[in-house]
1. For the condition among the hydrophobic types (A, V, I, L, M, F, W, C), open to solvent by less than 10 Å² (accessible area, probe 1.4 Å) and either within 16 Å of the ligand (Cβ to nearest atom) or in contact (Cβ under 8 Å) with a residue 12 or more places away in the chain (or both), what is the one hit in A117, A82, A61?
2. From the residues in region 23-49 that are within 16 Å of A392 (Cβ to Cβ) and among the small types (G, A, S), which one is nearest to the ligand (Cβ to nearest atom)?
3. So N43 clears everything in (1) in contact (Cβ under 8 Å) with a residue 60 or more places away in the chain; (2) among the polar types (S, T, N, Q); (3) open to solvent by 90 Å² or more (accessible area, probe 1.4 Å) except one condition, right? Which one?
4. Would you point out which residue out of V103, V107 is among the hydrophobic types (A, V, I, L, M, F, W, C), within 14 Å of V176 (Cβ to Cβ) and modelled with pLDDT of 95 or more?
5. Taking region 80-135 only, how many residues are closer than 18 Å to A228 by Cα and among the hydroxyl-bearing types (S, T, Y)?
6. Might you check whether a residue that is away from the ligand (no atom under 16 Å from the Cβ) and buried (at least 17 other Cβ atoms within 10 Å of the Cβ) occurs anywhere in region 124-131?
7. Confirm whether N49 is of a type outside the set (D, E, K, R), touching a strand residue (DSSP E or B) at 6+ places or on another chain (Cβ under 9 Å) and open to solvent by 70 Å² or more (accessible area, probe 1.4 Å).
8. Within region 283-306, track down each residue that is farther than 23 Å from I79 by Cβ and open to solvent by 70 Å² or more (accessible area, probe 1.4 Å).
Amino acid sequence: MPVTQLREIAPASRLENVRYAIRDLSCVADEVARQGHKILPLNIGDPLNFDFQTPAHMIEAVYQAMRDGKNGYSSSSGIPQALNAIRGEAARKGITNIQDVFVTSGVSETVDICLTALLNPGDNLLTPCPDYPLYSAVLAKIEIGLNTYYLNEEDGWQPDLDDIKKKITPRTRGIVLINPNNPTGSVCTREMLEQIAELARRHNLIIFADEIYDKLIIDETPHVAMAAVAPDVPVITFGGLSKNYLAPGWRIGWGIASGEAAVIKPYLEGVNKLLRARLCANHPEQYAIKPALEGPQDHLIEVKRKLRSRRDLTMKWCAETSRVSCVAPRGAFYAYPRIDIPEGDDVFVTELIRQKYVTVVHGSGFGQRPGTKHFRIVFLPDEKTLSAAYAAIADFMRERYA
Ligand SMILES: Cc1ncc(COP(=O)(O)O)c(C=O)c1O
């Protein structure tokens, strides 16, 4: 008689706190799509969903690598020519005192490895609020409680330095800085970076500088790398091909470790242990790193022209629409408008999908100050699509909150 397994297989209880609002909303969107409606997706930051294309010379490099038989495992840190190109890029960013460089399957894996290699039970890591939800998801997975610091909406979403100071405890091991920021599109000032570096020095913290959008500065103000203003402080700078180089599906990211060797080396041994344990990043795609970083950068001119026009359209809509206000984004492709509505922003976005077929992400999925409500817009679609989406959101708000 065959044995049938009857008890359900339960997921680990620590996963109860793993949330990823951006993709969690897809279930509602899928339900609406099944009913035959065309969804306007302003929720996922994938330029390839819209009128952006991966530069052809990068595609050629990967194709050539596959044809050349680079289809086995690579070394765990990454292929030498990519690592050299990343070091060159770090130098152009003004980063000195480099102690290590490694390639991962997207910045997502850099984050996973770097956080896992650092934190013991009872430790904490300062993460921004609002934040890109991957950080809190990884922290939940490794059973580390959240210790968030606010970004200040009144100050163009710069980190709230007083709040950071208040939140540092004897068990705080590091701080995450997302610059340019997802979900707000803000870009940190040099003074802010210097002040955060000073706190890191005083409290023996490592800084995780997520600079995955550093070439997508919409206005002409240059991006300043955290590690460049603090060569003595342990910093891991995160970068990759997903955003600046329009290849998110290739899953290529990297970490650049800088700071005093004696201070950061023991931690880097832990990072390398985890890099070895997962074998390697995608191999053929690593052959696109050198051509991306050292080859023509023409695509960036066109990308930034489109982003500027779409950001301006978004800001015009925010200014004209009642109950909506927004700090103008200066980098990346996100806007984070504040909304004055009598219900939760999670209800707002769910009903917006159901009634107008537009998907945005609720502020409560990223975190926000109590009493405030927001939603995140991905302004990657072309002007016509964006205008249609904004008209639909305005109609929805008029009908629902008039
Ligand atoms: C701030 C930030 N960091 C990391 C990632 C993940 O990037 P990757 O595609 O390299 O895993 C994203 C993706 O949206 C992001 O916005």
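The values are calculated or read from the model by the stated rules, or taken from the named source; none is laboratory data. Just so it is clear, the structure is predicted and the values come from calculations on it, not from any experiment. Every residue, glycine as well, gets a Cβ built from its backbone with ideal geometry; the counts of neighbours run over all protein chains shown. Accessible surface is based on the protein model in full, side chains and every heavy atom, while ligands, DNA and RNA are left aside. Shrake-Rupley method; radii C 1.70, N 1.55, O 1.52, S 1.80 Å.
1. On the way: A117 fails: open to solvent by less than 10 Å² (accessible area, probe 1.4 Å); A61 fails: open to solvent by less than 10 Å² (accessible area, probe 1.4 Å).
Exactly one of A117, A82, A61 is among the hydrophobic types (A, V, I, L, M, F, W, C), open to solvent by less than 10 Å² (accessible area, probe 1.4 Å) and either within 16 Å of the ligand (Cβ to nearest atom) or in contact (Cβ under 8 Å) with a residue 12 or more places away in the chain (or both), namely A82.
2. A29
3. (3)
4. Working: V103 fails: within 14 Å of V176 (Cβ to Cβ).
Unique residue meeting the criteria: V107.
5. 1
6. As a first pass, look at region 124-131 and keep what is away from the ligand (no atom under 16 Å from the Cβ): 124.
From what is left, the residues that are buried (at least 17 other Cβ atoms within 10 Å of the Cβ) are 124.
Scanning region 124-131 turns up at least one residue that is away from the ligand (no atom under 16 Å from the Cβ) and buried (at least 17 other Cβ atoms within 10 Å of the Cβ).
7. The answer is yes for N49.
8. D298, I301, E302, R305
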